[in-house]
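Peer 1: Below are the structure tokens for one structure; questions will follow.
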Amino acid sequence: MKAIIFCTAILSLFWVNHDLKDYTNSSHEITRQLTTILQYPQVLYNHEQSSIVVIQFHLGESRTIGRVKVFSENQDLNYDLIRQLTGKKLQLSSDYPSEKFTIKLRFNLKK
């Protein structure tokens, strides 16, 4: 009997609380938005390279990207991605300006 009441209470939380359903800050959604913002880095294009980078950033008050860090061994690539991302806006459901996001991106040069 206790198990049925407990399960009913938990399920009602998910059905009643619409905020849980609308929270769409998945890494897939963030990656999708970042790929629409970014252009293929000129540094990689000139050398006909592919690369995987990790990008870390915070969202500002109006959901603008700031405090961008790019983790790769190529400094020119890091500077290029920081320049492209800083100040751009993301459409996320988060209202926490101090929230930090870490995303892995893969750049593939299609021939």
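The values are calculated or read from the model by the stated rules, or taken from the named source; none is laboratory data. Predicted model only: the values in this text are computed from it and were never measured. Every residue, glycine among them, receives a Cβ derived from its backbone with ideal geometry; neighbour counts consider all protein chains shown.
Peer 1: Restricting to the range 90-106, count the residues that are among the hydroxyl-bearing types (Ser, Thr, Tyr), more than 20 Å from residue 41 (Cβ to Cβ) and either surrounded by 13 or more Cβ atoms within 10 Å (Cβ to Cβ) or at pLDDT 90 or above (or both).
Peer 2: Number satisfying all stated conditions: 1.
Peer 1: Next question, about the same structure. So, in the range 9-36, how many residues would count as being closer than 26 Å to residue 64 by Cα, at pLDDT below 80, surrounded by 10 or more Cβ atoms within 10 Å (Cβ to Cβ) and not polar (S, T, N, Q)?
Peer 2: Summing the residues that are closer than 26 Å to residue 64 by Cα, at pLDDT below 80, surrounded by 10 or more Cβ atoms within 10 Å (Cβ to Cβ) and not polar (S, T, N, Q) in the range 9-36 gives 2.
Peer 1: If I ask for residues that are part of a helix (DSSP H, G or I), farther than 14 Å from residue 110 by Cβ and of a type in the set (A, V, I, L, M), which ones from the range 31-57 would you list?
Peer 2: 34, 37, 43
Peer 1: Would you be able to say whether some residue in the range 37-58 is touching a Gly at 6+ places or on another chain (Cβ under 8 Å), surrounded by 12 or more Cβ atoms within 10 Å (Cβ to Cβ) and modelled with pLDDT of 85 or more?
Peer 2: yes
Peer 1: Please verify whether residue 65 is free of Cβ contacts under 8 Å to residues at least 60 places away in the same chain and within 27 Å of residue 110 (Cα to Cα), treating the condition exactly as stated.
Peer 2: Against the criterion (free of Cβ contacts under 8 Å to residues at least 60 places away in the same chain and within 27 Å of residue 110 (Cα to Cα)), residue 65 does not qualify.
Peer 1: Can we say residue 70 is of a type in the set (Val, Ile, Thr), over 12 Å from residue 106 (Cβ atoms), over 12 Å from the mean Cα position of the chain (by Cα) and not in a helix (DSSP H, G or I)?
Peer 2: Spelling it out, residue 70 is indeed of a type in the set (Val, Ile, Thr), over 12 Å from residue 106 (Cβ atoms), over 12 Å from the mean Cα position of the chain (by Cα) and not in a helix (DSSP H, G or I).
Peer 1: If we scan the range 66-89, do we find a residue that is under 20 Å from residue 26 (Cα atoms), surrounded by 11 or more Cβ atoms within 10 Å (Cβ to Cβ) and β-branched (Val, Ile, Thr)?
Peer 2: yes
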